[in-house]
1. Determine the gain in length on full extension of the stretch residue 20-residue 84; use 0.36 nm per residue of separation and subtract their C-alpha separation, reporting nm with one decimal.
2. Using the Cα atoms of the chain, I'd like the radius of gyration and the largest Cα-Cα distance, Dmax, both in angstrom.
3. Can you give me the angle between helix 16-53 and the longest principal axis of the chain, using Cα atoms only, in degrees from 0 to 90, rounded to the nearest 10?
4. To test your reading of the geometry: what angle, between 0 and 90 degrees and rounded to tens, separates the Cα axis of helix 58-78 from the longest principal axis of the chain?
């Protein structure tokens with residue numbers, strides 16, 4: 001890594017795109033936190049469905065898979081591994097029904 005001059009440092013600190021990225025980081029950090037709560041709620045609901053009906057709900061399992069993909073997209077954006085903004089700036093991730101494997105009993 002090269003040493004920054006004082007001028008380069010001032011330019012970097014004043015970069016509006018970097019500060020806008022910070023705002024997105026805060027917003028997506030909150031969205032990620034809320035998605036974890038949603039994941040936990042779906043997990044509890046799936047457990048109760050399995051407990052009382054004998055099988056989890058396939059639609060909720062599909063949503064859980066899509067939510068996991070969304071969380072991965074948010075993580076990549078938050079860690080600067082990607083510049084692609086996740087939902088709501090892009091479509092919510094949807095996987096094909098055939099790719100979701102039913103849990104074994």
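Derivation of every value follows stated rules applied to the coordinates shown; laboratory data play no part. What you are looking at is a predicted structure, and each value in this text was computed from that prediction instead of being measured.
1. Length gained, residue 20 through residue 84: 21.7 nm.
2. For the chain, the Cα-based Rg and Dmax read 19.5, 66 Å.
3. Helix 16-53 and the main axis of the chain meet at about 10 degrees.
4. 10 degrees
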